[in-house]
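**Student:** Here you go, one structure.
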Amino acid sequence: MPCSSSTKRFTALAILLAGLVGIGSAFAVYHHNRGPAPLTLGDGRTGPADMVWIAGGDFVMGSDHRDASPNEGPAHRVRLNGYWIDRYDVTNAEFSRFVAATGYITTAERKPTWEELKVQAPPGTPAPDDSLLVPGALVFSGTDQPVRLDDYTRWWKYVPGANWRHPEGPGSNIAGRERHPVVQVSYEDAHAYAKWARKRLPTEAEWEYAARGGLEQADFAWGAEFAPGGRKMANTWDDAARPFPVAARSNEKVQVGTSAVGRYAPNGYGLYDMAGNVWQWVGDWYRSDAFRIEAAASKVPMNPAGPQDSFDPELGPTAHAPLRVTHGGSFLCSDSYCTSYRTSARRGTDPMNGMSHLGFRLAMDQSAWEARAQSASTAAD
């Protein structure tokens, strides 16, 4: 089942106001659009290091599958130029180098302000006491027994001191997790990293095209079957081990959380973790009706960059609150709760949010790579 509307958007404000710091059968018929492409992997000389070249072309974006949420449809054709995209999610090691080079402070490490938070609140919401506005982020806490899945505040908590260095809070760290995807990063943080790396966030269309790996309208990045031959293809919640959201006990061998990038098989384009592990920021504003607007266009959209603003009528008085698109699902997605590891699944997320299952990867245009290579050549001369 897809994520319900009550779980598709998470905000620090929602948790703060709820608990004042106490506290997303049949398969699609598919075929290879152009087949898995020969892997063109940049090596730092012929292309940006550890980025994969995605040849341009047409593809059918979104889904009309019976498991799809309304915001995924209608399926519609989109046309893209070629581009480079990171082979892996940005890791803790890579983000550490960025922070060391720039001194950047992430949003989770800064004291939030009511001005930042109130845009996600219904009009008239009173400001919380200033003492409650402390640096932190949302952390999956789980439950000790099965619960109804209609209130995510049962398994998410706003944890003071949680940030990219301490993903689960002050008692945690990233030692030994250097190759895990960085988490607890907001859209603003991802954008700042991209600027430093001289790259950019992929558009939603680019992300989905890359995630499909050359398969037309497959439900998953690897094909039609979730676990072909019983093989696990992504870091997702294991319903057989425990019902969502019951957390693992500290003495259990298998723990719930991120895994090192590249642990599971790549898709047809040689990209890793395009499903599960962590949700990924993309560049577009989120509108629940974005695909309906695109599909109604008189011609096939070329390199669509998304809408100009956010809109989700299911959110009522906060329908126009700023939201950015996230894709890919995470280690918390499961068949019993949220199948957002499907390639077309999409969600709107507060761009100031940090969460323990939210990261990103980057893209680059060929022209940007050529300009960088030319600059390096000139500097060498």
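**Student:** Quick one: in region 41-173, what % of C-alpha pairs are over 20 Å apart?
**Tutor:** In whole percent, the long-distance tail amounts to 71.
**Student:** Moving on. Quote the charge dipole size of region 166-259 about the Cα centre in Debye, to the nearest 20; the model charges only the Cβ of Lys and Arg (+1) and of Asp and Glu (-1).
**Tutor:** It works out to roughly 420 debye.
**Student:** Using the eigenvalues of the Cα gyration tensor, what equivalent ellipsoid semi-axes result for region 235-381 when each is taken as the square root of five times the eigenvalue, whole Å, largest first? It would help to have the intermediate numbers written out before the result.
**Tutor:** On the way: eigenvalues 192, 131, 43 Å².
For region 235-381, the semi-axes come out at 31, 26, 15 Å.
**Student:** Which of VAL183, VAL60 has the fewest other C-beta atoms within 10 Å, and how do the rest follow up to the most?
**Tutor:** Numbers: VAL183 31, VAL60 19.
The most exposed by this proxy come first: VAL60, VAL183.
**Student:** So which aspartates and glutamates pass the test for LYS199, namely a Cα distance under 12 Å, with those fewer than 8 places away in the same chain ruled out?
**Tutor:** Filter leaves ASP86, ASP365.
**Student:** What is the ratio of the Cα radius of gyration of the chain to 2.2 N^0.38 Å, where N is its residue count, to two decimals?
**Tutor:** Ratio of Cα Rg to 2.2 N^0.38 Å: 0.95.
**Student:** Kindly put ARG292, ARG361 in sequence by how many other C-beta atoms sit within 10 Å of each C-beta, fewest to most.
**Tutor:** Ascending number of Cβ neighbours within 10 Å: ARG292, ARG361.
**Student:** Which trypsin sites (Lys or Arg not before Pro) in region 48-114 pass both tests, a DSSP loop state and at most 11 other beta-carbon atoms within 10 Å?
**Tutor:** Sparse-neighbourhood loop trypsin sites (Lys or Arg not before Pro): ARG66.
**Student:** Of the listed pairs LYS157/LYS232; LYS195/LYS299; LYS118/LYS299; LYS232/LYS299, which have alpha-carbon separations greater than 31 Å here? Let's see the in-between values first.
**Tutor:** Values: LYS157/LYS232 29 Å; LYS195/LYS299 33 Å; LYS118/LYS299 39 Å; LYS232/LYS299 39 Å.
In this structure, LYS195/LYS299; LYS118/LYS299; LYS232/LYS299 lie more than 31 Å apart at Cα.
**Student:** For the chain, what does -39500 (n - 2.57) per DSSP helix run (n ≥ 4), summed and divided by total residues, give at 222 nm, in deg cm²/dmol to the nearest 500?
**Tutor:** It lands at -5000 deg cm²/dmol.
**Student:** In nm, give the distance between the simple-model label positions of ARG249 and ALA376, each being 7 Å from the Cα along the Cα-to-Cβ direction.
**Tutor:** Calculated label separation equals 5.2 nm.
Each reported figure results from applying straightforward, stated rules to the coordinates on display, with no laboratory input. Since this is a predicted model, take the numbers as computed values, not measurements. Counting neighbours? That spans all protein chains shown, and the Cβs are built from the backbone with ideal geometry, glycine included.
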